[in-house]
Amino acid sequence: MSNSAPLPLLTYKGNEQKKMTLHLFLQIMGKIRLRLTPRKNHWWYVTEYVSTKGITTGSIPYNEGLDTFEVTINVHQHQLEVSNSKGEFASFPLLHGLSISDFYKQLSEFLKRFDIPVSIIDKPFDLNIDQSFGEIEEYHHYSEAYTKDFWRILLWVDGIFKAFSGRFYGKTCPVHLYWHSMDLAVTRFSGNLAPAMPATARLSDKDAYSHECISFGFWGGDENLPEPAFYSYTYPSPEGIDLEPLKPATASWVSSNGSPMAILTLNDLLKSTAPRTTLLDFLESAYMAGAQKANWDIEKLKVPELHTI
């Protein structure tokens, strides 16, 4: 299939092990960032970013803040890179057959070499895997083609999410990748507190959803939705939101954890003659559905077009 972007095709079925291998690599990197980066609201300090090289932790402070380092999956060279503000650099290839255990041990050795002390909870988060990273040998399916295609789409989506983010005056998170679910996301906030979650709710959820928000994202598919897709949900979810219209016509509301979620599959987007416009229309329609139903002050939060100075 050709499209006007053009974007690579990306499928979930048949690539499950490739996706999981990359996902576990990113979780290891993300947990290092989580341990060393100063706290910021809604877990914004733990995320990763799309870069010209690939996917990176961005700058992480260490040595009492006197130095920084970053960890990057370089999708052009297909290698894991660690660099720091002292000018030191180390890398190892992400060869076929490199297990999660090998990745974890080699990355840990590089950090020791650079005198970066870090201790993480060394088990996957929310992936139904009980082994520690150092024990996981069954996932060793890094794919140059899959990873680069995934990154190419993330790079394109990153730019569109940033353009969409710029239309909103309210509190908005950076466009970033959450490694627990491996989705690229951007979230808008009304400024109002959300109802308190039950005491039994996870700490991560309590902090993420402390305030009313409408979130937008892209992820590579899972067992529940076995194809890459764009999504949006409003929290708290207002009554009747799933009766609101979405653009394009191929977008739809689905039930996710008991609440409506707007979905536009990548496959449907690629059928558009103007994918960028179509994606922006989807994001805008999902936002309007949530903001209107939740009584946000839409006009106050809207950024007007600038006229030529």
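The values are calculated or read from the model by the stated rules, or taken from the named source; none is laboratory data. Since the structure is predicted, the reported quantities are computational estimates derived from the model, not experimental observations. Here the Cβ is made from the backbone with ideal geometry for all residues, glycine too, and neighbour counts use every protein chain on show. These area figures cover heavy atoms from the full protein model, side chains too; ligands, DNA and RNA do not enter into them. Shrake-Rupley method; radii C 1.70, N 1.55, O 1.52, S 1.80 Å.
Quick notes on this one:
- Glu16 contributes about 80 Å² of solvent-accessible surface, heavy atoms of the protein only, 1.4 Å probe.
- Look at the Cα gyration tensor of the chain: its axes a ≥ b ≥ c give a/c of at least 1.5 with a/b over b/c, and that counts as prolate.
- Long hydrophobic helices in the chain: the complete DSSP H runs spanning 15 Å or more by Cα along their own axis with mean Kyte-Doolittle hydropathy of at least 0.0 are 144-165.
- Helices in the chain, meaning DSSP H runs of at least 4 residues, each add -39500 (n - 2.57). Divided by all residues, the mean residue ellipticity at 222 nm is -9000 deg cm²/dmol.
- Take every Cα pair under 8 Å whose residues are at least 6 apart in sequence, average their separation, divide by the length of the chain, and the relative contact order is 18 percent.
- Packing, as the average of other Cβ atoms within 10 Å across residues, places the peptides 123-131, 162-170 in the order 162-170, 123-131, highest first.
- A straight Cα-to-Cα reach below 15 Å connects Lys40 with the aspartates and glutamates Glu48, Asp205, Asp207, residues fewer than 8 places away in its own chain not being considered.
- Spread over its residues, the convex hull of the C-alpha atoms of the stretch 74-135 is 110 Å³ per residue.
- Average Cα contact separation per residue, the stretch 84-168, under 8 Å, 6 or more apart, as relative contact order %: 34 percent
- Relative contact order [Cα under 8 Å, 6+ residues apart], the stretch 1-148, whole percent: 23 percent
- Entries in Lys148/Lys171; Lys18/Lys53; Lys148/Lys302; Lys171/Lys293; Lys206/Lys247 that, when Cα-Cα distance is taken, lie over 28 Å: Lys148/Lys171; Lys148/Lys302; Lys206/Lys247
- The aspartates and glutamates within cross-link reach of Lys112, meaning a Cα-to-Cα straight distance under 18 Å and a gap of 8 or more places when in the same chain, are Glu64, Asp67, Glu70, Glu81, Glu88, Asp102, Asp122.
- A simple spin-label model places pseudo-atoms 7 Å from Cα toward Cβ; at Lys206 and Leu127 they are separated by 2.7 nm.
- Just checking the listed ones, Val254, Val75, Val157: in the Gaussian network model of the chain with Cα springs under 10 Å, the one fluctuating most is Val254.
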